[in-house]
Amino acid sequence: MFKKILLISIILGNTVLLTAQSQRRPISVKDTITDKDLMIPEEIERNFDQLLADWRRDMKISAYCTSTNDENVSYPDSSYIRRLYSLPTEMELVYNPVVRSYIEMYTGRMRSSVGFFLAKSNYYFPIFEKALDREGLPLELKYLPIIESALNPTIKSRAGAMGLWQFMIGTAKLYNLEINSLVDERCDPLKSTDAAVRYLKDLYDIYGDWNLVIAAYNCGPGNVNKAIRRSGGKTDYWDIYQYLPRETRGYVPAFIAATYAMNYYSLHNICPAEYEYNHSTDTIVVDRYLHLKQLSEVLNVPLDDLRSLNPQFKKDIVPGEFKKYVVKLPSAQAVDFSVYKENVYAHRSNEFLSHRKVVNPSGMDLSNSDRIRHRVRRGESLSTIASKHRVTVAQLKKWNGLRSTKLRVGQVLSVHKPVRKTKQAEEKQAELLAQNNANKENNVNNELSSQLAKDIENARKDAEAPNMLAEYFNRQAAENSSTPAPAANAESVMIEAAENITAGPSVEEEAHSIPIETRTIYHKVRIGETLTQIGNKYKVSPDDIVDWNKIETTMPRVGERLIIHLPQQTSEPVNNAEERADELMADIAPGNSDPGFEEYRESRPAVTGTGGTNVPAEAVSKPAPAAKKPASKQTTYTVKAGDTLGHIVEKFGKGLTVREIKRVNKLRSDRLKIGQKLKIPR
């Protein structure tokens, strides 16, 4: 009996001694790692080094940290097992010596990085959780970007993976992420998270085990499938562990350790950091090219903050001309953007956005304008700037994308000024214009000559009949008058024919000019000229110039070529029927007639007048002057809204024509102005 008691005492004593020794000497990492080939993923080490620099710049220790000791506390395996098992997760979080080595890495030499993760998690984890919950995936997958990128949205691996979720270009494009020289949506927290969640869901549909999903996310489905085949078809991660690539072997243990550290950091005296940027944010839609520096300088937002909120824009340029992009801003500045939108787009756009739309090769003039930059000075407005450069306010607003007339001191405006043509080009243009005018004059002369020849031919035919001259004038009067009158005598027939040939009001009513031909010329605008001055110069209306040239402003550009339709050229006024008859007789005089008509004229010294009397030919050529009609009365009418010349003619009854109103009031067009005074003949 005594021997049994002694043996039990010795065993108990040795057990107590071994327990005391184990408590005095904590288990080291070397004693717990059984995988001699285990290596820490290279990207984790490199990402943490980058994060430490960011942490010193953007982070500070939380003022609410309750820990007074910065030393790590090591716990026995049973504590780690109990804590991992008690976490409310869908994924299996097992414990083994490999997992313990990563837990001590996070809570030991990388404890400051855990404080960084805790600060960043306040911004990124709600984004991750929303996307995971939408697809029905475990929320603990939100800790995966800690292993992938250490929550750095712009970090890039040596293999080319980019962003929070470390997408390769090929995989990113499979999930519709845009990647070009200016935009990389792998760095966009929202869009890259959406793509990553869909990718994880597709992997789970393949493997049905979340540990295999995480391994496949790191090394690719091909390597996982190869490890499954080498293991004999086993589908448990820990069964195929030794067949995986060396770096991927530590990937799942690192994920389990990161989940532990993010939940039990306070037990290891880790204080969370505070991210200094704590403003609420809002989004704006950009539909034009925009540089983040334009937003920074106009809206007074630090450029680093804009880059942190919009890491997808690699060169700080938003290519809104390609498609509409969403840009994130602090809430207050997002409201300011809606007010000062045009000023933001115009601010130093030529400096920040250097791409040119059109470039003329050297030595070639391919445009009709030259763009200059005008910096707004104190007291200047759009109207004063427009007057200075001889342009319009509407043009300035169009060139600079302005929707209001508000300007800021120092704002740079683009002004397009016409390019002066070279002397050689001007001479060539003048030569072409002279040639066109000569062709027009030749055509007019040919038409007049043809008409005159027809008249002479008709006169020759009429000469074969007796009393040719009287019948000739009777025929002309019948052709030009709606109601032909019989010829009482040669004098009255000749006067009536002369009155009808003028195709205008009777000679007794007015002294009117004989129209010849309308001419079209081109006028080159000089410095200081306005449409009013040009109109006065050519005796045309400025409104007509606007209509002819389809321009929207009354201030033409210097060097612009304007089409001018000159009014009908006139000869000296003919005041009585005698002079018109003389001109008509000149057309059939011996110098202009053919020999047959001349012989007939010489052989007929006289024509039969009224009552059978003989009238000498000389008397026929000089008819008696017509009696003047008494002056007609006139009424003054004030133009009202909606009035037209046609309405006014209807209002004053029969006998009045639009042409007569225009003649009396010397109107060149049918346009009327409200309040205009018109003379109405009665």
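Here is how the numbers come out for the structure above:
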read-out: Semi-axis lengths, Å, the stretch 253-325, gyration tensor of Cα atoms, sqrt of 5 times eigenvalues; value: 37, 16, 10
read-out: Sequence-distant residues sharing a close amide H with LYS417 (under 5 Å, placed H); value: ASP370, ARG371, ILE372
read-out: Filter on LYS156/LYS324; LYS130/LYS201; LYS537/LYS679; LYS328/LYS406; LYS293/LYS341; LYS191/LYS324 - keep pairs with C-alpha separation over 18 Å; value: LYS156/LYS324; LYS537/LYS679; LYS328/LYS406
read-out: Per-pair calculated FRET efficiency, R0 = 30 Å: ASN176 and HIS355 via Cβ, rounded to 0.05; value: 0.65
read-out: Ranked list, fewest to most other Cβ atoms within 10 Å of each Cβ, for LYS398, LYS357; value: LYS357, LYS398
read-out: Pairwise FRET efficiency - SER414 versus ASP543, Cβ, R0 = 35 Å, nearest 0.05; value: 0.70
read-out: Amide H contacts of ILE680 (H built 1.01 Å from N, under 5 Å, at least 5 apart or other chain); value: THR635, THR636, TYR637
read-out: Pair ILE127, ILE563: separation of 7 Å Cα→Cβ label points (nm); value: 5.9 nm
read-out: Extended-chain gain in nm, criterion 0.36 nm per residue less alpha-carbon gap, VAL73 and TRP238; value: 56.6 nm
read-out: Amide H within-cut-off set for GLY401, under 5 Å, with H built and near neighbours excluded; value: none
read-out: Rough spin-label spacing in nm, given labels placed 7 Å along Cα→Cβ, for LYS666 and THR384; value: 4.1 nm
read-out: Least to most buried among CYS65, CYS187, CYS271 (fewest other Cβ within 10 Å first); value: CYS65, CYS271, CYS187
read-out: Relative contact order of the stretch 43-275, defined on C-alpha pairs under 8 angstrom at six or more residues apart (%); value: 32 percent
read-out: Residues HIS647, HIS268, HIS523, sorted so that the one with the fewest Cβ neighbours within 10 Å comes first; value: HIS647, HIS523, HIS268
read-out: Contact order relative to length of the stretch 371-417, as percent, for alpha carbon pairs under 8 angstrom and 6 or more apart; value: 59 percent
read-out: Where trypsin sites (Lys or Arg not before Pro) fall in DSSP loop in the stretch 153-204, at most 11 other Cβ within 10 Å; value: ARG158
read-out: Gained length - SER86 relative to ARG230, 0.36 nm times residue gap less alpha-carbon distance; value: 48.4 nm
read-out: Length released on extending from VAL326 to THR532, taking residue separation times 0.36 nm less the Cα-Cα span; value: 69.2 nm
read-out: Point-to-point label distance, ILE169-THR644, nm (Cα→Cβ direction, 7 Å offset); value: 6.7 nm
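The numbers here are math on the coordinates, done by the rules we state, and not lab data. Note that the structure is a prediction, hence the values are computed from the model and not measured. Every residue, glycine as well, gets a Cβ built from its backbone with ideal geometry; the counts of neighbours run over all protein chains shown.
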